[in-house]
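One structure is given below, encoded as structure tokens.
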Amino acid sequence: TKNMLDISTLKQSFDCILCFGNTIVHLESLDHIRRLISMIYQQLNQGGCFLFQIINYDRIYALKDFCLPTIKGTNASLERRYKPKKEKIIFKTTLRTANNTTHNEVELIPLRLNDIEKLLKEAGFDSYSIYENFRTKPFLVFESVRVVVKAMKR
């Protein structure tokens, strides 16, 4: 496996690069996200697209606390909570099984709408669309739970 920031070591270019599941915000800093988006732009073929999905951090800051629906399985459940803390988001998870409860906490970079637009433009993306979901439902900054971005390299 490779770190996302190792994308520039790949010897090929791509028609599409995907980054789903709120993964991009797990990088160490906004500067690392900036570098990644710039490298992705460089790795794309002309006409290629970069698709990524994250949680809507503008909404989380407005709410001050946010929980995603609990994922329930036959023998386990997973709770996910996001709490803003200045320039970071504290992401807390609780995994419950019949015999055990495990808590985890990690800091995330709160990539907000203004940050997204600025970073895309800095990288060279002059065409992008922002949606609430993969069905292209219109994005509402303080209502949408997710942010789905489609950026094109022209």
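Annotations for the structure displayed:
- Heavy-atom accessible area ranking, 1.4 Å probe, most first, across HIS103, HIS26: HIS103, HIS26
- Cβ-Cβ FRET estimate between ARG34 and ASN100, R0 fixed at 25 Å, reported to 0.05: 0.05
- The chain - mean residue ellipticity at 222 nm from DSSP helices (-39,500 (n - 2.57) per run, n ≥ 4, rounded to 500): -6000 deg cm²/dmol
- The range 75-154: C-alpha gyration tensor shape, a/c 1.5 cut-off, then a/b vs b/c: prolate
- Structure-derived mean projected area of the Cα convex hull in nm² - corresponding label in (1) 10.3; (2) 21.5; (3) 9.0: (1)
- Cα gyration tensor category, rounded, prolate or oblate, for the range 91-130 with a/c compared to 1.5: prolate
- This model, with +1 at the C-beta of Lys and Arg and -1 at the C-beta of Asp and Glu, gives the chain a dipole about its Cα centre of some 240 debye.
- Angstrom value of the Kirkwood radius, inverse mean 1/r, which spans all Cα pairs in the range 1-91: 15.3 Å
- Å² of accessible area per residue within the range 14-83, as computed with a 1.4 Å probe and no ligands counted: 50 Å²
- Cα shape, the range 110-154, gyration tensor, a/c 1.5 rule: oblate
- A straight chain from ARG135 to ASP65 at 0.36 nm per residue would run longer than the Cα-Cα distance by 22.6 nm.
- Percent carbon-and-sulfur accessible area, the chain, ignoring ligands, DNA and RNA, probe 1.4 Å: 50 percent
The values are calculated or read from the model by the stated rules, or taken from the named source; none is laboratory data. Computed from a prediction, not measured in an experiment: that's the story for all the values here. Because the Cβ atoms are built from the backbone with ideal geometry, glycine has one as well, and the counts that use them run over all protein chains shown. Heavy atoms of the whole protein, side chains included, go into the accessibility calculation; ligands, DNA and RNA do not. Shrake-Rupley method; radii C 1.70, N 1.55, O 1.52, S 1.80 Å.
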